[in-house]
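The structure appears below as structure tokens.
Here, each number is a calculation from the coordinates, and none is a lab measurement. Because the structure is a prediction, the values reported are computed rather than measured. We place every Cβ from the backbone using ideal geometry, glycine too, and count neighbours over all the protein chains shown.
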Amino acid sequence: MAVKLRLMRMGKTKQPTYRVVAADGRSPRDGRFIEIVGTYEPRKEPSAIVIDNAKAVGWLRKGAQPTERVQKLLEQSGAWAEFKGQ
């Protein structure tokens with residue numbers, strides 16, 4: 001099972017919020033997931049990013065692959081640097 005860290009869309013029409021989740025790569029975007037790692041609210045000023053770094057680093061160490069957007073969010077939260085050992 002290939003695990004991905006990716007965004008899951010939530011919220012009302014034209015008012016998106018996202019969950020950062022660990023999910024099987026074969027499941028649909030808003031389908032089943034394994035664990036919620038954090039949230040991302042792009043409509044706030046500035047954007048609200050809440051990521052549980054311990055969970056994120058744990059999944060990355062187990063081999064989970066983040067999408068491009070999630071990798072940027074992890075870099076902003078500091079989880080990516082923690083994973084890389086910097």
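Quick one: dipole size for the chain, taken about the Cα centre, charges +1 on Lys/Arg Cβ and -1 on Asp/Glu Cβ, in debye to the nearest 20. Present the calculation step by step, with values, prior to reporting the outcome.
Details: 17 positive and 9 negative charges, 65 e Å.
Computed about the Cα centre, the dipole is about 320 debye.
Using the Cβ atoms and a cut-off under 12 Å, what net charge is assigned to the surroundings of Met1, where Lys and Arg are +1 and Asp and Glu are -1? Could you put the intermediate results ahead of the total?
On the way: positive: Lys4, Arg26, Arg32, Lys62; negative: Asp24.
Around Met1, the charge tally is +3.
Which listed residue (Ser27, Val37, Ile51) has the Cα farthest towards the positive end of the charge dipole for the chain, taking +1 on Lys and Arg C-beta and -1 on Asp and Glu C-beta about the Cα centre?
Ser27
Counting Lys and Arg as +1 and Asp and Glu as -1, what is the net charge of the other residues whose Cβ lies under 13 Å from the Cβ of Gln71? Please list the in-between numbers first.
On the way: positive: Lys4, Arg6, Arg69, Lys72, Lys84; negative: Glu68, Glu75.
The answer is +3.
Over the stretch 3-84, what is the relative contact order in percent, taking alpha-carbon pairs closer than 8 angstrom and at least six residues apart? Before the final figure, lay out each step's value.
Working: 141 pairs, mean separation 22.1, N = 82.
Normalised by residue count, the contact order of the stretch 3-84 is 27 percent.
Pop out the ³J(HN,Hα) list for the stretch 73-79 in order, Karplus 6.51 cos²θ - 1.76 cosθ + 1.60 with θ = phi - 60°, rounded to Hz; leave Gly and Pro as x.
So the J values, rounded to whole Hz, are 5, 5, 5, 5, 7, x, 5.
In sequence order, what are the phi-derived ³J(HN,Hα) couplings for the stretch 50-66 according to the Karplus relation 6.51 cos²θ - 1.76 cosθ + 1.60 with θ = phi - 60°, rounded to whole Hz, with x for glycine and proline?
10, 10, 7, 4, 5, 5, 4, 5, x, 5, 5, 5, 7, x, 5, 9, x
Sorted by mean Cβ packing within 10 Å, highest first, what order do the peptides 39-50, 16-27 take? Can you show the working numbers first?
Numbers: 39-50: 13.1, 16-27: 17.7.
For the peptides 39-50, 16-27, the packing ranking is 16-27, 39-50.
My understanding is that a pair violates if its Cα-Cα distance is over 19 Å; which of Lys14/Lys55; Lys4/Lys72; Lys12/Lys55; Lys4/Lys55; Lys14/Lys72 do that in this structure?
Working: Lys14/Lys55 29 Å; Lys4/Lys72 14 Å; Lys12/Lys55 27 Å; Lys4/Lys55 13 Å; Lys14/Lys72 23 Å.
Violating the 19 Å limit, Cα to Cα: Lys14/Lys55; Lys12/Lys55; Lys14/Lys72.
Between beta-carbons, use under 13 Å as the cut-off and find the net charge around Ala22, counting Lys and Arg +1, Asp and Glu -1.
Details: positive: Lys4, Arg6, Arg19, Arg32, Lys55, Arg61, Lys62; negative: Asp24, Glu35, Asp52.
Combined, the nearby Lys, Arg, Asp and Glu give +4.
Select one label from [x] 17.3, 56; [y] 12.5, 36; [z] 12.5, 40: the one whose number is Rg and Dmax of the Cα atoms in Å as derived from the coordinates shown.
After the calculation, the listed value that fits is [z].
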